[in-house]
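Let me begin by presenting the structure, written as structure tokens, before commenting on it.
The values are calculated or read from the model by the stated rules, or taken from the named source; none is laboratory data. Every value quoted in this text rests on a predicted model; they were computed, and no experiment measured them. In this analysis, Cβ positions are derived from the backbone assuming ideal geometry, glycine residues included, and neighbour counts consider all displayed protein chains. These area figures cover heavy atoms from the full protein model, side chains too; ligands, DNA and RNA do not enter into them. Shrake-Rupley method; radii C 1.70, N 1.55, O 1.52, S 1.80 Å.
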Amino acid sequence: MDVGTDSSFLDGVYKSFDRAIATMSLPPGLADKMKQCNSVFMVRFAVGFRGRYEVFTGWRAVHSEHRLPVKGGIRYSPYVDQEEVEALATLMSFKCALVDAPFGGAKGGLCIDPSKYDEDALERITRKFTSELAKKGYINPSLNVPAPDMGTGPREMAWIADTYRHLHPEDINAIACVTGKPVTQGGIAGRVEATGRGVQYGLREYFRHPEDVRMANMEGGLGGKRVIMQGLGNVGFHASKFLQQEDDAKIVAVIEYDGAVINENGLNIADLKEHQLSTGSIKEFPGATSVANGMEVLEMDCDILIPAALEGQITSESAPRIKAKLVAEAANGPLTFEAQEYLRQQGIVVIPDFYLNAGGVMVSYFEWIKNLSHIRFGRMEQRIDEMRGTQIVELLEEMTGKKVPEEWASRLKRGAGELDLVRSGLDDTMRKSYQHLREVFHSRDDVVDLRTAAYVVSIEKIALAYIEMGI
Ligand code: GLU
């Protein structure tokens, strides 16, 4: 991503880290230990296609191993490089620490444009990459557990899990070597939409604090707020769909790599996604105005701007034209360090990436636990829950002589299944983590924004882990 003269993604992460460190008093040298990646594995491997060979380059960066396994997705993109993977691995350590997912941080990348390959070829490439990583211990249920990221999804995770299982048939926990698998292959209900759900829960929590809402020159809740969404991929699609359908937010514009669509009365996101899937683009969506230059739409007036695509989307060059009151970072690193500085000075609030997009790794954590325990969440207790609820309804009816209204009766009688439990755990995580970071932000003058607060909270936890266990 061309960020002009701004800091690169990795340098921006380091600058934010240094700023947080400057407000803390850690033992000398400990910050150095926590800043850079512990190791980076680079691999070149060839795959043969009917007498023709192609060489691919991939990476897996491990940032911090204060907790094991290390966790983080694998990205398939023609633009991925080592520095990007390192920046993303660094963010993973802080993300996991912030939301109390007991993992260190890692990230993987494969330099490939997946749209140029058919399913068979992608499967062979993924399996080869997996065995290269597994050979060196960069995939392992107790050491290093990948997940989906940009360009990958449940399909790739199923191939990874299967390849690993073939290499280690004796490992009873082999399936826990990767998360984000299809539910039928050891995945968990709610993982596909987890990052989008987390964005929704994070925004809901932000809007529960009127003091914070006023910081962004707004009042009230999410209902009626005008939202611009950049990216209609897995994260952007689910986040905007949930915000529209369940919180009455108005999605006035959606931006994709090839253009944008605008409708001041709100776009119907489910229909827009169907249109994108059937035509290959969001453009020409009936009832909306199509705009060729999506980047201009990023600068349109709105309440909440949600960048849910790539890093480095808003730079110091474009930041002065941003009119949103609140920027909710659903992608990793969508603002350069310099753009963040500018927006803060203008009173535009930014909810930081490694808090807001932590829903994915959180639900990955639940999946990993499910795999290790070899049982679906709710399997033992769902019927007991249901029975208790039924008894309460019956008792109420007997004591009052009145019928419990049907809607209430069915709500009370329902036992929690896996999806209910996943949502409950994710909601709780997003609430508590935000409360923690806002407390740090509001109580300390030297903590200048929510991002610095998020770094302070995460660094404190990682530092404590290192100090307690002794390096
Ligand atoms: N790729 C996602 C992220 O950046 C998910 C990682 C995971 O589930 O381990 O947070």
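If packing is taken as the mean number of other Cβ atoms within 10 Å per residue, what is the order of 398-410, 68-80, 357-369, highest first?
Values: 398-410: 10.2, 68-80: 22.8, 357-369: 26.2.
With the highest mean Cβ count within 10 Å placed first, the list reads 357-369, 68-80, 398-410.
Packing-wise, with mean Cβ within 10 Å as the measure, how do 323-330, 456-463, 264-271 rank, highest first? Could you put the intermediate results ahead of the total?
Numbers: 323-330: 23.8, 456-463: 21.0, 264-271: 15.9.
Descending mean neighbour count gives 323-330, 456-463, 264-271.
DSSP loop chymotrypsin sites (Phe, Trp or Tyr not before Pro) in segment 219-323 with at most 14 other Cβ atoms within 10 Å of their Cβ, which ones? Write out the running numbers ahead of the final one.
On the way: sites: Phe237, Phe242, Tyr257; in loops: Tyr257.
Filter output for segment 219-323: Tyr257.
In percent, what relative contact order does the chain have, based on Cα pairs under 8 Å that are 6 or more apart in sequence? Write down the numbers at each step before the final one.
On the way: 918 pairs, mean separation 74.3, N = 471.
Dividing the mean separation by the residue count of the chain yields 16 percent.
Which entries in Lys273/Lys325; Lys33/Lys181; Lys432/Lys461; Lys33/Lys95; Lys273/Lys323; Lys273/Lys432 show an alpha-carbon gap greater than 23 Å?
Values: Lys273/Lys325 26 Å; Lys33/Lys181 33 Å; Lys432/Lys461 15 Å; Lys33/Lys95 17 Å; Lys273/Lys323 26 Å; Lys273/Lys432 32 Å.
The answer is Lys273/Lys325; Lys33/Lys181; Lys273/Lys323; Lys273/Lys432.
How big is D, in µm² s⁻¹, for segment 149-308 by Stokes-Einstein at 25 °C and 0.890 mPa s if Rh is the Kirkwood radius over C-alpha pairs?
141 µm²/s
Label point 7 Å out from Ile471 along Cα-to-Cβ: which residues of segment 19-42 have amide N under 19 Å?
Backbone N within reach: 19-40.
Once the other residues with Cβ under 13 Å from the Cβ of Lys107 are scored (Lys, Arg +1; Asp, Glu -1), what is the net sum? Mind dumping the intermediate values first?
Numbers: positive: Arg60, Lys71, Arg75, Lys95; negative: Asp81, Glu83, Glu84, Glu86, Asp149, Glu311.
For residues surrounding Lys107, the net value is -2.
At a 1.4 Å probe radius, carbon and sulfur cover how many percent of the accessible area of segment 32-167?
Numbers: 2480 of 5310 Å².
On segment 32-167, the fraction of accessible area on carbon and sulfur atoms equals 47 percent.
Which percentage, to the nearest 5, of the DSSP beta bridges contained in the chain is antiparallel?
Expressed as a percentage, antiparallel bridges in the chain total about 50.
By average Cβ neighbour count within 10 Å, what is the ranking of 176-188, 195-207 from highest down?
Working: 176-188: 22.9, 195-207: 25.1.
Going by the mean number of other Cβ atoms within 10 Å, highest first, we get 195-207, 176-188.
Multiply the residue separation of Ser373 and Glu211 by 0.36 nm, subtract the distance between their alpha-carbon atoms, and state the gained length in nm to one decimal.
Values: separation 162, 0.36 × 162 = 58.32 nm, distance 4.21 nm.
This chain segment gains 54.1 nm when fully extended.
How large is the translational diffusion coefficient of segment 287-370 in µm² per second when you combine the Kirkwood radius over alpha carbon pairs with Stokes-Einstein at 37 °C and 0.692 mPa s? Don't jump to the answer; show the numbers that get you there.
Values: Rh = 13.9 Å.
Using the Kirkwood radius from Cα pairs, D works out to 237 µm²/s.
Roughly speaking, what is the stretch gain from Glu439 to Arg388, that is 0.36 nm per residue apart minus the C-alpha to C-alpha distance, in nm to one decimal?
Between Glu439 and Arg388, full extension yields an extra 14.6 nm.
Sequence gap at least 6, Cα distance under 8 Å: using those rules, report the relative contact order of segment 54-188 to the nearest whole percent. Spell out each step's value before the answer.
Working: 273 pairs, mean separation 35.4, N = 135.
Contact order relative to length: 26 percent.
Let me know the shape class of segment 299-436, please: from the alpha-carbon gyration tensor, a ≥ b ≥ c as square roots of the eigenvalues, rounded when a/c is under 1.5, otherwise prolate if a/b is greater than b/c, or oblate. Please report the intermediate quantities before stating the final value.
Working: a/c = 4.45, a/b = 2.20, b/c = 2.03.
Because a/c hits 1.5 or more and a/b exceeds b/c, segment 299-436 counts as prolate.
Would you mind giving the three semi-axes, in whole Å and largest first, of the ellipsoid equivalent to the chain according to its Cα gyration tensor? Display every interim value, and only then the final one.
Numbers: eigenvalues 206, 179, 134 Å².
One finds semi-axes of 32, 30, 26 Å for the chain.
Through the Karplus equation 6.51 cos²θ - 1.76 cosθ + 1.60, θ set to phi - 60°, convert the phi angles of segment 137-142 into ³J(HN,Hα) values in whole Hz; use x for Gly and Pro.
With coefficients 6.51, -1.76 and 1.60, one gets x, 8, 9, 5, x, 9 Hz.
Give the cross-link partners of Lys403 among the aspartates and glutamates, using a straight C-alpha distance below 16 Å as the criterion and excluding same-chain residues fewer than 8 apart.
Glu394
Segment 1-143: percent of C-alpha pairs farther apart than 22 Å?
Beyond 22 Å sits 45 percent of the P(r) for segment 1-143.
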